[in-house]
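Structure record follows, encoded as structure tokens.
Nothing in this text is a laboratory measurement; each read-out follows from the coordinates by a stated rule. Quick caveat, the model's predicted, so the values are computed rather than measured. A quick note on method: Cβ atoms are made from the backbone with ideal geometry, for glycine too, and the neighbour counts reach across all protein chains shown.
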Amino acid sequence: MESLIEILKRLHDAKVEFCLIGGLASRHYGVTLVTEDVDICARFTPENLRRIESAFKDFHPRHRLTANKLPLELTDELCRSLKNIYLTTDLGVLDCLSQVAGVGDFDAVLCQSEPKDFPFGRCYILSIEALIKAKQAVGRPHDLIAVEQLKVLKEKKEQQPDLF
């Protein structure tokens, strides 16, 4: 878990525009499923993508879904064509999406996110309601398990808002 938090810290310190989504966001709200990666929705501008590249350059970022695990080496042309980036680094796995199923593009995700304080600073995390929509839209078995837990946590949050 420490390496996943270090990934978030590096994104924060590099001033990447992003929102935490996926399993780590679900864990933040209390879902008990284990996650081994960091999923973010980011603004896919060349400047922001270069911030991501810079944040991990010392940690050997490689495209994890390419057959020969090519290193992350962004060009202007590549920045304009990318929709998602799936990386493996010495710190762990980072998936960067330009949009989230069931929620929308980065601006829609940001509008449905909440700022949360971490020891290294403030980051935006997709709200429980939006996480439920996103995980229902994807529909994988572990996402549907997370949906059931998120619904229970949402109900508890509505009944006792001071716990969250």
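What the table below lists for this structure:
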item: Extension reserve of the ASP117-GLU2 stretch, reckoned as 0.36 nm per residue once the Cα distance is removed; result: 39.8 nm
item: FRET efficiency, 1/(1 + (r/R0)^6) with R0 22 Å, evaluated for ARG50 and LEU70 via beta carbons; result: 0.80
item: Computed E for TYR86/LYS156 - FRET, C-beta separation, R0 25 angstrom, nearest 0.05; result: 0.15
item: Calculated FRET value between LYS15 and GLN99, using beta carbons and R₀ = 25 Å, to 0.05; result: 0.75
item: Calculated from backbone phi, Karplus (6.51, -1.76, 1.60) coupling profile of the stretch 134-146 in Hz, x at Gly/Pro; result: 5, 5, 5, 5, 6, x, 5, x, 5, 5, 5, 5, 4
item: Sorted by Cβ neighbour density within 10 Å, fewest at the top, the residues ASP95, ASP58; result: ASP58, ASP95
item: Among the listed pairs LYS9/LYS156; LYS57/LYS133; LYS83/LYS151; LYS116/LYS151; LYS116/LYS156, those beyond 27 Å (Cα-Cα); result: LYS9/LYS156; LYS57/LYS133; LYS83/LYS151
item: Hz values of 3J(HN,Hα) by residue in the stretch 110-115 - Karplus curve (6.51, -1.76, 1.60), Gly and Pro given as x; result: 4, 5, 10, 10, 10, x
item: Ranked by how many other beta carbons lie within 10 Å on average, peptides 108-114, 149-155, 25-31, 135-141 from highest; result: 25-31, 108-114, 149-155, 135-141
item: CD proxy at 222 nm, helix term only [per DSSP H run n ≥ 4: -39500 (n - 2.57); per residue of the chain; nearest 500]; result: -13000 deg cm²/dmol
